[in-house]
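This report concerns only the one structure given below.
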């Protein structure tokens, strides 16, 4: 679905996940280019992509701070991008300086643990993706976007007990599936 700028802002305020997808589709490129221009020297592509993801999430989380009377939406997003990228630049430079003397080869146990953690994350996402549409959206909004239950209740039209029960059932399913491994 395509959104006008005002429709997009409104849909994001209502926490419409399709609007988040449209936000990424429309604004990821300019955000990436600005981030690249700030972080390109001495930083990896992954650092740049992580910063871009953080900017788009920040737009989602801080949409109520946007004031159309002070700037247009794209300018606001690019301003957030500039400050986020500069923060990343300082943080990455600091981490590089602190870790240069601490360089160590990873222990085999750590590598194995990381692989197991990635496998668990994959399974977790598979489980959540198997939920019905409402439960999937509920889980993502609550546990990935850390939204308040009251906000989720309103936008999904569910009672507090329905939300709590759905979250409880989902957590039980996840626990059962992951405990068999």
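Consider only pairs whose beta carbons are under 7 Å apart and that are at least six residues apart or on different chains; among these, list those whose first residue lies in the range 141-155 and is free of Cβ contacts under 8 Å to residues at least 24 places away in the same chain and whose second residue is in a helix (DSSP H, G or I) and surrounded by fewer than 16 Cβ atoms within 10 Å (Cβ to Cβ).
Within 7 Å, the pairs are 149/160; 153/160.
Can you tell me how many residues within the range 49-65 are more than 14 Å from residue 27 (Cα to Cα) and either modelled with pLDDT under 90 or surrounded by fewer than 18 Cβ atoms within 10 Å (Cβ to Cβ) (or both)?
Matching residues across the range 49-65 total 5.
(1) surrounded by 10 or more Cβ atoms within 10 Å (Cβ to Cβ); (2) at pLDDT below 75: which one isn't true of residue 171, the others all being true?
(2)
Hey, among the residues in the range 66-77 that are surrounded by fewer than 13 Cβ atoms within 10 Å (Cβ to Cβ) and in contact (Cβ under 8 Å) with a residue 24 or more places away in the chain, which one's nearest to residue 24 (Cα to Cα)?
Among those that are surrounded by fewer than 13 Cβ atoms within 10 Å (Cβ to Cβ) and in contact (Cβ under 8 Å) with a residue 24 or more places away in the chain, it is 72.
Please determine, by comparing only the residues of the range 143-155 that are in a helix (DSSP H, G or I) and modelled with pLDDT under 85, which one is surrounded by the most Cβ atoms within 10 Å (Cβ to Cβ).
It comes out as 143.
What's the total number of residues in the range 25-46 that are in contact with a helix residue (DSSP H, G or I) (Cβ under 6 Å, 6 or more places away or on another chain) and farther than 18 Å from residue 68 by Cβ?
8
Looking for whichever is within 25 Å of residue 61 (Cβ to Cβ) and part of a helix (DSSP H, G or I) here; the options are 178, 158, 124, 168. Which one fits?
Just one listed residue meets the conditions, 124.
I'd like the full set of residues that are over 14 Å from residue 12 (Cβ atoms) and in contact with a helix residue (DSSP H, G or I) (Cβ under 9 Å, 6 or more places away or on another chain), limited to the range 56-73.
Answer for the range 56-73, where residues must be over 14 Å from residue 12 (Cβ atoms) and in contact with a helix residue (DSSP H, G or I) (Cβ under 9 Å, 6 or more places away or on another chain): 67, 70, 71, 72.
The values are calculated or read from the model by the stated rules, or taken from the named source; none is laboratory data. Quick caveat: nothing in here was measured; it's all calculated off a predicted structure. Cβ: placed from backbone, ideal geometry, glycine included. Neighbour counts: every protein chain shown.
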